[in-house]
Amino acid sequence: MASLRCGRSAMAAPGEHACGDRTGCWHDRHGGTWLAIIDGLGHGPLAALAADTALAALAPAITDARAGPPQPRQLLEDLHGPLAGTRGAAIGLACVRGDQLHHAGIGNTRAGVLRDGRLHGLPSAYGIVGAPTPVRGHAMPPVGTPAFTLCAGDWLLLYSDGLPERLPLPVVPAAWRQDPLRLCEHLLATARQPRDDAAVIAAWVEAV
(Lines give C-alpha, C1' and ligand atoms only; values in the text may rest on other atoms or scores of the structure.)
Protein backbone atom coordinates (compact mmCIF):
# COMPACT_ATOMS: atom_id res chain seq x y z
CA MET A 1 0.00 0.00 0.00
CA ALA A 2 1.34 3.42 -0.92
CA SER A 3 2.34 5.69 1.95
CA LEU A 4 1.73 9.35 1.13
CA ARG A 5 2.94 12.52 2.81
CA CYS A 6 0.68 15.39 1.69
CA GLY A 7 0.66 19.15 1.69
CA ARG A 8 -1.99 21.51 0.32
CA SER A 9 -2.51 25.23 0.08
CA ALA A 10 -4.74 27.82 -1.59
CA MET A 11 -4.73 31.59 -2.18
CA ALA A 12 -7.54 33.94 -3.12
CA ALA A 13 -7.24 36.28 -6.11
CA PRO A 14 -5.82 39.70 -5.23
CA GLY A 15 -8.49 41.88 -3.64
CA GLU A 16 -10.73 38.93 -2.73
CA HIS A 17 -11.37 37.66 0.79
CA ALA A 18 -13.08 34.43 -0.28
CA CYS A 19 -11.14 31.83 -2.24
CA GLY A 20 -13.08 29.78 -4.79
CA ASP A 21 -10.34 27.15 -5.08
CA ARG A 22 -10.44 24.41 -2.46
CA THR A 23 -8.63 21.17 -1.64
CA GLY A 24 -9.81 18.03 0.09
CA CYS A 25 -8.17 14.95 1.58
CA TRP A 26 -9.99 11.88 2.95
CA HIS A 27 -9.58 8.17 3.66
CA ASP A 28 -12.29 5.68 2.76
CA ARG A 29 -13.25 2.43 4.50
CA HIS A 30 -11.54 0.33 1.84
CA GLY A 31 -7.94 1.51 2.19
CA GLY A 32 -8.10 4.39 -0.28
CA THR A 33 -6.60 7.86 0.15
CA TRP A 34 -8.48 10.60 -1.72
CA LEU A 35 -7.35 14.01 -2.92
CA ALA A 36 -9.58 16.63 -4.54
CA ILE A 37 -8.84 19.93 -6.25
CA ILE A 38 -11.93 22.10 -6.74
CA ASP A 39 -12.17 25.36 -8.70
CA GLY A 40 -15.48 27.18 -8.31
CA LEU A 41 -16.15 29.16 -11.48
CA GLY A 42 -14.88 32.72 -11.36
CA HIS A 43 -13.77 34.01 -7.98
CA GLY A 44 -15.21 35.63 -4.88
CA PRO A 45 -18.03 34.42 -2.58
CA LEU A 46 -20.11 32.66 -5.26
CA ALA A 47 -17.11 30.67 -6.46
CA ALA A 48 -16.33 29.76 -2.85
CA LEU A 49 -19.96 28.64 -2.34
CA ALA A 50 -19.72 26.27 -5.32
CA ALA A 51 -16.43 24.81 -4.06
CA ASP A 52 -17.75 24.40 -0.52
CA THR A 53 -20.87 22.68 -1.86
CA ALA A 54 -18.69 20.18 -3.70
CA LEU A 55 -16.57 19.49 -0.61
CA ALA A 56 -19.66 19.00 1.55
CA ALA A 57 -21.05 16.43 -0.89
CA LEU A 58 -17.77 14.60 -1.50
CA ALA A 59 -16.73 14.05 2.11
CA PRO A 60 -19.57 11.71 3.17
CA ALA A 61 -19.71 10.03 -0.24
CA ILE A 62 -16.09 8.96 0.25
CA THR A 63 -15.77 8.35 3.98
CA ASP A 64 -19.15 6.66 4.50
CA ALA A 65 -19.15 4.36 1.46
CA ARG A 66 -19.78 0.84 2.74
CA ALA A 67 -20.98 -1.27 -0.18
CA GLY A 68 -17.66 -1.15 -2.00
CA PRO A 69 -14.79 1.16 -2.89
CA PRO A 70 -16.11 4.41 -4.39
CA GLN A 71 -14.91 5.32 -7.89
CA PRO A 72 -13.67 8.79 -8.91
CA ARG A 73 -15.68 8.91 -12.12
CA GLN A 74 -18.97 7.99 -10.44
CA LEU A 75 -18.41 10.45 -7.60
CA LEU A 76 -17.87 13.28 -10.09
CA GLU A 77 -20.98 12.38 -12.02
CA ASP A 78 -22.97 12.29 -8.77
CA LEU A 79 -21.87 15.88 -8.00
CA HIS A 80 -23.83 17.37 -10.89
CA GLY A 81 -27.01 17.39 -8.80
CA PRO A 82 -25.67 19.10 -5.65
CA LEU A 83 -23.87 21.75 -7.72
CA ALA A 84 -26.77 22.48 -10.07
CA GLY A 85 -27.87 25.52 -8.04
CA THR A 86 -24.38 27.04 -7.96
CA ARG A 87 -22.01 28.51 -10.52
CA GLY A 88 -20.54 25.04 -10.94
CA ALA A 89 -16.94 23.97 -10.65
CA ALA A 90 -14.00 22.27 -12.29
CA ILE A 91 -12.97 19.28 -10.19
CA GLY A 92 -10.12 16.81 -10.21
CA LEU A 93 -10.40 13.75 -7.99
CA ALA A 94 -7.66 11.22 -7.28
CA CYS A 95 -7.68 8.01 -5.27
CA VAL A 96 -4.58 6.03 -4.29
CA ARG A 97 -5.33 2.42 -3.44
CA GLY A 98 -2.39 0.07 -3.04
CA ASP A 99 0.12 1.27 -5.63
CA GLN A 100 -2.61 2.30 -8.08
CA LEU A 101 -3.61 5.90 -8.73
CA HIS A 102 -7.11 6.41 -10.11
CA HIS A 103 -8.04 9.86 -11.39
CA ALA A 104 -11.05 11.55 -12.92
CA GLY A 105 -11.57 15.19 -13.80
CA ILE A 106 -14.10 17.54 -15.34
CA GLY A 107 -13.04 21.04 -16.29
CA ASN A 108 -9.83 22.96 -16.15
CA THR A 109 -8.01 21.42 -13.21
CA ARG A 110 -4.67 19.71 -13.64
CA ALA A 111 -3.09 16.55 -12.23
CA GLY A 112 0.11 14.68 -12.83
CA VAL A 113 2.80 12.42 -11.43
CA LEU A 114 6.30 13.89 -11.20
CA ARG A 115 8.89 11.16 -11.72
CA ASP A 116 12.58 11.67 -12.48
CA GLY A 117 11.99 15.32 -13.37
CA ARG A 118 9.14 14.63 -15.81
CA LEU A 119 5.48 15.40 -15.13
CA HIS A 120 3.17 12.68 -16.47
CA GLY A 121 -0.14 14.49 -16.98
CA LEU A 122 -3.55 12.99 -16.16
CA PRO A 123 -6.23 14.48 -18.44
CA SER A 124 -9.63 15.92 -17.53
CA ALA A 125 -12.76 16.00 -19.66
CA TYR A 126 -14.12 19.29 -20.98
CA GLY A 127 -17.12 20.56 -19.02
CA ILE A 128 -18.42 22.01 -15.77
CA VAL A 129 -19.61 20.01 -12.78
CA GLY A 130 -23.14 21.26 -12.14
CA ALA A 131 -23.86 22.27 -15.73
CA PRO A 132 -27.04 20.42 -16.79
CA THR A 133 -26.60 20.76 -20.56
CA PRO A 134 -23.88 18.85 -22.45
CA VAL A 135 -21.56 21.03 -24.48
CA ARG A 136 -22.82 21.60 -28.06
CA GLY A 137 -25.45 18.89 -27.68
CA HIS A 138 -22.96 16.06 -27.28
CA ALA A 139 -22.69 13.68 -24.38
CA MET A 140 -19.88 14.52 -21.98
CA PRO A 141 -16.83 12.31 -22.71
CA PRO A 142 -15.65 9.78 -20.14
CA VAL A 143 -13.85 11.54 -17.30
CA GLY A 144 -11.95 8.59 -15.87
CA THR A 145 -8.40 7.71 -16.90
CA PRO A 146 -6.58 4.36 -16.75
CA ALA A 147 -4.94 3.52 -13.45
CA PHE A 148 -1.38 4.78 -13.03
CA THR A 149 1.09 2.63 -11.09
CA LEU A 150 2.94 4.69 -8.49
CA CYS A 151 6.54 4.17 -7.43
CA ALA A 152 8.32 5.21 -4.25
CA GLY A 153 9.80 8.65 -4.86
CA ASP A 154 6.99 9.92 -7.09
CA TRP A 155 5.23 13.21 -6.45
CA LEU A 156 1.48 13.43 -7.10
CA LEU A 157 0.37 16.97 -7.97
CA LEU A 158 -3.15 18.36 -8.34
CA TYR A 159 -3.63 22.07 -9.04
CA SER A 160 -6.14 24.59 -10.31
CA ASP A 161 -5.77 26.86 -13.33
CA GLY A 162 -4.53 29.58 -11.01
CA LEU A 163 -1.20 27.88 -11.79
CA PRO A 164 0.02 27.41 -15.39
CA GLU A 165 -0.61 24.09 -17.10
CA ARG A 166 3.08 23.84 -17.93
CA LEU A 167 4.06 24.05 -14.31
CA PRO A 168 7.61 25.36 -13.76
CA LEU A 169 8.74 22.65 -11.38
CA PRO A 170 11.92 23.08 -9.36
CA VAL A 171 14.43 20.40 -8.53
CA VAL A 172 12.69 19.40 -5.33
CA PRO A 173 15.02 19.47 -2.28
CA ALA A 174 15.10 16.27 -0.27
CA ALA A 175 13.92 18.16 2.84
CA TRP A 176 10.64 18.99 1.12
CA ARG A 177 9.73 15.31 1.02
CA GLN A 178 9.13 15.47 4.76
CA ASP A 179 7.09 18.66 4.43
CA PRO A 180 5.33 18.80 1.02
CA LEU A 181 3.60 22.03 2.05
CA ARG A 182 6.90 23.72 1.20
CA LEU A 183 6.53 22.68 -2.44
CA CYS A 184 2.93 23.98 -2.47
CA GLU A 185 4.00 27.32 -1.04
CA HIS A 186 6.89 27.57 -3.50
CA LEU A 187 4.60 27.03 -6.47
CA LEU A 188 2.03 29.57 -5.24
CA ALA A 189 4.77 32.11 -4.58
CA THR A 190 6.58 31.72 -7.90
CA ALA A 191 4.02 30.60 -10.49
CA ARG A 192 0.55 31.81 -9.48
CA GLN A 193 -1.48 33.59 -12.17
CA PRO A 194 -1.89 37.24 -11.11
CA ARG A 195 -5.70 37.59 -11.34
CA ASP A 196 -7.12 34.25 -10.20
CA ASP A 197 -7.58 32.05 -7.16
CA ALA A 198 -5.10 29.19 -6.98
CA ALA A 199 -4.77 25.91 -5.10
CA VAL A 200 -2.34 23.02 -5.16
CA ILE A 201 -1.87 19.62 -3.53
CA ALA A 202 1.54 17.92 -3.42
CA ALA A 203 1.84 14.33 -2.19
CA TRP A 204 5.19 12.57 -1.81
CA VAL A 205 5.04 8.80 -2.27
CA GLU A 206 7.24 7.47 0.53
CA ALA A 207 6.74 3.79 -0.14
CA VAL A 208 4.51 1.37 -2.06
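Yes or no, residue by residue, for (1) crowded, with 20+ Cβ neighbours inside 10 Å; (2) under 22 Å from ASN108 (Cβ atoms); (3) out of contact with any Phe, Trp or Tyr (no Cβ under 8 Å at 6 or more places or on another chain):
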| position | (1), (2), (3) |
| --- | --- |
| CYS151 | no, no, yes |
| ARG166 | no, yes, yes |
| PRO170 | no, no, yes |
| ARG182 | no, no, no |
| ALA199 | yes, yes, no |
| GLU206 | no, no, yes |
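Residues that are surrounded by fewer than 17 Cβ atoms within 10 Å (Cβ to Cβ) number at least 3 in the following helices (runs of 4 or more DSSP H) confined to region 40-120: 45-63, 72-78. Inside region 7-24, residues that are β-branched (Val, Ile, Thr) and surrounded by fewer than 19 Cβ atoms within 10 Å (Cβ to Cβ) make up a count of 0. Per the listing GLY130, GLY121, GLY144, GLY92, the residue uniquely modelled with pLDDT under 90 and in contact with a Lys or Arg (Cβ under 8 Å, 6 or more places away or on another chain) is GLY144. Report yes if ALA175 is surrounded by fewer than 14 Cβ atoms within 10 Å (Cβ to Cβ), modelled with pLDDT under 95 and among the small types (Gly, Ala, Ser), otherwise no. Answer is yes for this residue. Checking each residue in region 173-196 for being free of Cβ contacts under 8 Å to residues at least 40 places away in the same chain and in a loop (DSSP other than H, G, I, E, B) picks out PRO173, GLN193.
The values are calculated or read from the model by the stated rules, or taken from the named source; none is laboratory data. Quick caveat, the model's predicted, so the values are computed rather than measured. A quick note on method: Cβ atoms are made from the backbone with ideal geometry, for glycine too, and the neighbour counts reach across all protein chains shown.
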